[in-house]
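What follows is a structure written as structure tokens; I'll ask about it next.
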Amino acid sequence: MHAVIIRQQGGPEVLHWQEVPTPEPGPGEVRVRLRAAALNHLDVWNRTGVPDGPGALKGRIPGADGAGVVDQVGPGVDPAWVDRRVVINPGISCGRCQACLSGWDTLCREYTVLGTGRDGTYAEYVTVPAANLLPMPPRLSFEEAAAFPLTFLTAWHMLVALARVQPGESVLVWGAGSGVGVAAIQVARLFSAQVFATVGSDEKLERALELGAARVFNHTNQDVHSEVKALTGKRGVDVVVEHTGEATWDQSVRALAPRGRLVTCGATTGPNGATHLRHLFAKQLQILGSYMGSKSELWELLPHVNEGRLRPVVDSVHPLAGAAEAHRRMDERQHFGKIVLRVD
Ligand SMILES: [Zn+2]
């Protein structure tokens, strides 16, 4: 088969289109003939290495998100899966330990994300455990189906499982054009919360409003913390959805209302965040760390995707062989929504 391999640490040019052996499904696994894959910021980390963290994944096929058709099953898997259209749940875990069985499979000692601990979806075929398959929403194209699992799962875990967002609450979402931002706005709206969002360029303001944000700020030229305080009568917001880290952390903490919750799933601008501790205890704030979401949560949100209440937003579609060009678009932050790779 053909696949995209990370050859070495570096820019988009290290993504190399080449012929590799077609994988065979092991016990409990299936092989999926991919029709689309989607980019996540995680793929960029896997290419560049994380500052103060793990290096690049040399020799690995990246890609956590994918949709396609099951073409082969391994030993012990129901052959009825063959020819079914599926989306892939990107979190892989043992399925047997206490963490897995209690719905916290993200804390399984064997937990890994597809395309990180094992070969991912930038390929014509991928093998995954059968437990990682979901039926593809019939109303979606393959490109749209590949565009929702990781980011909607992440946003759902942040807002529903951890921050427990309530109707009528207010939520601030940083980076409305990012995958997590697009998902978080919609999940917060689904729970009847009022959403304030930020974008990095004026061209994206309108798109964020269309997704349901009540107000949108350009964080490159507006003081988000002051704007939020002004709009809420100095009270602040009940929930902040953080994934940018160092550049926004202080504003995020100060934007919180009493008993507010800051939930974070990433630190794309840097890992350090100073926290004003008097705000933290006097206002009785909560800071919640979030990583991916459990397999069951993807099943929980699937009906909302099936019925159109949550909808993936596709920024652009590129051929799989053009993955480097797609990564360039993500590096330059030109996108709004998911950058998708089409597998022909
Ligand atoms: Zn486990």
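The values are calculated or read from the model by the stated rules, or taken from the named source; none is laboratory data. Just so you know, these numbers come straight off a predicted model, no measurement behind them. Please note: Cβ atoms are built from the backbone with ideal geometry, for glycine as well, and neighbour counts cover all protein chains shown. Quick note on the areas: whole protein, heavy atoms, side chains included, nothing else; ligands and nucleic acids left out. Shrake-Rupley method; radii C 1.70, N 1.55, O 1.52, S 1.80 Å.
Can you report the number of residues in region 117-136 which are buried (at least 17 other Cβ atoms within 10 Å of the Cβ) and at pLDDT below 95?
0
Please work out which residue is nearest to the chain's Cα centre (by Cα), limiting yourself to region 238-273 and to residues that are farther than 19 Å from Val228 by Cβ and of a type in the set (Gly, Ala, Ser).
Per the criteria, the residue is Gly266.
Cβ-Cβ below 6 Å, separation at least six or inter-chain, first residue in region 319-344 and free of Cβ contacts under 8 Å to residues at least 40 places away in the same chain, second open to solvent by 10 Å² or more (accessible area, probe 1.4 Å): which pairs?
From region 319-344, the pairs are Pro319/Arg342; Arg329/His335.
Matching residues to (1) open to solvent by 10 Å² or more (accessible area, probe 1.4 Å); (2) outside the structural domain of Glu297 (by the TED database); (3) over 18 Å from Pro312 (Cα atoms):
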| site | (1), (2), (3) |
| --- | --- |
| Ala155 | no, yes, no |
| Pro167 | yes, yes, yes |
| Leu172 | no, yes, yes |
| Gly179 | yes, yes, no |
| Ala188 | no, yes, no |
| Gln194 | yes, yes, yes |
| Glu203 | yes, yes, yes |
| Arg207 | yes, yes, no |
| Leu211 | yes, yes, no |
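Looking at (1) farther than 18 Å from Gln286 by Cβ; (2) among the aliphatic types (A, V, I, L, M); (3) crowded, with 24+ Cβ neighbours inside 10 Å, can you tell me which one Val224 breaks?
Failing condition for Val224: (3).
Can you go through Glu110, Glu169, Glu143, Glu124 and tell me which one is within 16 Å of the ligand (Cβ to nearest atom) and not aromatic (Phe, Trp, Tyr)? Talk me through it step by step, then tell me what you get.
Values: Glu169 fails: within 16 Å of the ligand (Cβ to nearest atom); Glu143 fails: within 16 Å of the ligand (Cβ to nearest atom); Glu124 fails: within 16 Å of the ligand (Cβ to nearest atom).
So the residue among Glu110, Glu169, Glu143, Glu124 that is within 16 Å of the ligand (Cβ to nearest atom) and not aromatic (Phe, Trp, Tyr) is Glu110.
Now a separate question. Report, by residue number, each residue of region 96-107 that is near the ligand (Cβ under 9 Å from one of its atoms) and of a type in the set (S, T, N, Q).
Gln98
Check off (1) assigned to a strand (DSSP E or B); (2) closer than 27 Å to Leu302 by Cβ; (3) free of Cβ contacts under 8 Å to residues at least 40 places away in the same chain for Leu34 and give me the number that stays unchecked.
Tallying (1) assigned to a strand (DSSP E or B); (2) closer than 27 Å to Leu302 by Cβ; (3) free of Cβ contacts under 8 Å to residues at least 40 places away in the same chain, Leu34 fails exactly one: (3).
Sticking with this one: Given Leu256, Leu301, Leu288, which one is under 30 Å from Asn132 (Cβ atoms) and buried (at least 20 other Cβ atoms within 10 Å of the Cβ)? Lay out the reasoning, then the answer.
Values: Leu256 fails: under 30 Å from Asn132 (Cβ atoms); Leu288 fails: buried (at least 20 other Cβ atoms within 10 Å of the Cβ).
It is Leu301.
Check region 179-189 and report whether any residue there is more than 16 Å from the ligand (Cβ to nearest atom), basic (Lys, Arg) and under 23 Å from Gly245 (Cβ atoms).
Initially, region 179-189 is screened for residues more than 16 Å from the ligand (Cβ to nearest atom), giving 179-189.
When the remaining residues are screened for being basic (Lys, Arg), the result is 189.
In the following step, the residues that additionally are under 23 Å from Gly245 (Cβ atoms) were identified as none.
The answer is no, given that none of the residues of region 179-189 is more than 16 Å from the ligand (Cβ to nearest atom), basic (Lys, Arg) and under 23 Å from Gly245 (Cβ atoms).
Does Ala161 satisfy the condition of being among the aliphatic types (A, V, I, L, M), within 16 Å of the ligand (Cβ to nearest atom) and in contact (Cβ under 8 Å) with a residue 12 or more places away in the chain? Show your work before the answer.
On the way: among the aliphatic types (A, V, I, L, M): yes; within 16 Å of the ligand (Cβ to nearest atom): no; in contact (Cβ under 8 Å) with a residue 12 or more places away in the chain: yes.
Considered against the rule, which asks whether it is among the aliphatic types (A, V, I, L, M), within 16 Å of the ligand (Cβ to nearest atom) and in contact (Cβ under 8 Å) with a residue 12 or more places away in the chain, Ala161 comes out as no.
Taking Arg333 and the conditions (1) in contact with a strand residue (DSSP E or B) (Cβ under 9 Å, 6 or more places away or on another chain); (2) open to solvent by 60 Å² or more (accessible area, probe 1.4 Å); (3) on the phi > 0 side of the Ramachandran plot; (4) outside the structural domain of Val180 (by the TED database), which numbered condition does it fall short on, given that it satisfies the others?
So the condition that Arg333 fails would be (1).
Residue-by-condition table, conditions (1) away from the ligand (no atom under 16 Å from the Cβ); (2) open to solvent by less than 50 Å² (accessible area, probe 1.4 Å):
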{"position": "Arg35", "(1), (2)": "yes, no"}
{"position": "Trp45", "(1), (2)": "yes, no"}
{"position": "Pro51", "(1), (2)": "yes, no"}
{"position": "Gly55", "(1), (2)": "yes, yes"}
{"position": "Val70", "(1), (2)": "yes, yes"}
{"position": "Gly74", "(1), (2)": "yes, yes"}
{"position": "Ala80", "(1), (2)": "yes, yes"}
{"position": "Arg84", "(1), (2)": "yes, no"}
{"position": "Cys94", "(1), (2)": "no, yes"}
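Let me ask something else. Which one of these is in a loop (DSSP other than H, G, I, E, B), farther than 26 Å from Arg333 by Cβ and either at pLDDT 95 or above or open to solvent by less than 50 Å² (accessible area, probe 1.4 Å) (or both): Pro62, Pro21?
Numbers: Pro62 fails: farther than 26 Å from Arg333 by Cβ.
Among Pro62, Pro21, only Pro21 is in a loop (DSSP other than H, G, I, E, B), farther than 26 Å from Arg333 by Cβ and either at pLDDT 95 or above or open to solvent by less than 50 Å² (accessible area, probe 1.4 Å) (or both).
Just checking, how many residues over region 96-108 are surrounded by fewer than 14 Cβ atoms within 10 Å (Cβ to Cβ) and under 27 Å from Arg31 (Cβ atoms)?
Number of matching residues: 2.
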